[in-house]
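One structure is given here, and the rest of the page talks about it.
Only the coordinates and a few stated rules stand behind these numbers; no lab work does. Everything numeric in this text was worked out from a predicted model, so none of it was measured. Heads up, the Cβs are rebuilt from the backbone with ideal geometry, glycines too, and the neighbour counts pull from every protein chain shown.
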Amino acid sequence: MHDHDPYRGKTRVNRPVSFNPRDRTQRMMLEYIDREDVNFSGLVKNLLFTYLTGNLDLSGRSVEDSPVGRQERSKPEPRPASPASVKEPFGGMPVDF
């Protein structure tokens, strides 16, 4: 029996990410990653590595706490999120949008 390696012979594998530009939060992210000074691939890889190594703690933080999210918003201050509420709606991804 042979183990199947889906990456055999490949030097690069792409994983597309879709964004809804009509959604305010997703549009904000899309506009940020479209900047010339942002390396989207590097950003995703660093965030994923940080998450996988257990060094990403988003409890009590939200997108508004990021440099991009510090823009004035018409919604109230976000309440700190527990780890369960951060991960469950997004299949384990560490987000609080």
Per the rule of 0.36 nm per residue minus the C-alpha distance, extending H4 to R22 adds in nm 2.4 nm
If I take R0 = 30 Å and measure r between the Cβ atoms of N14 and L52 in this structure, what FRET efficiency does the formula 1/(1 + (r/R0)^6) give, to the nearest 0.05? 0.95
Ordering 22-35, 43-56, 4-17 by per-residue average of other C-beta atoms within 10 angstrom, highest first, gives 22-35, 43-56, 4-17
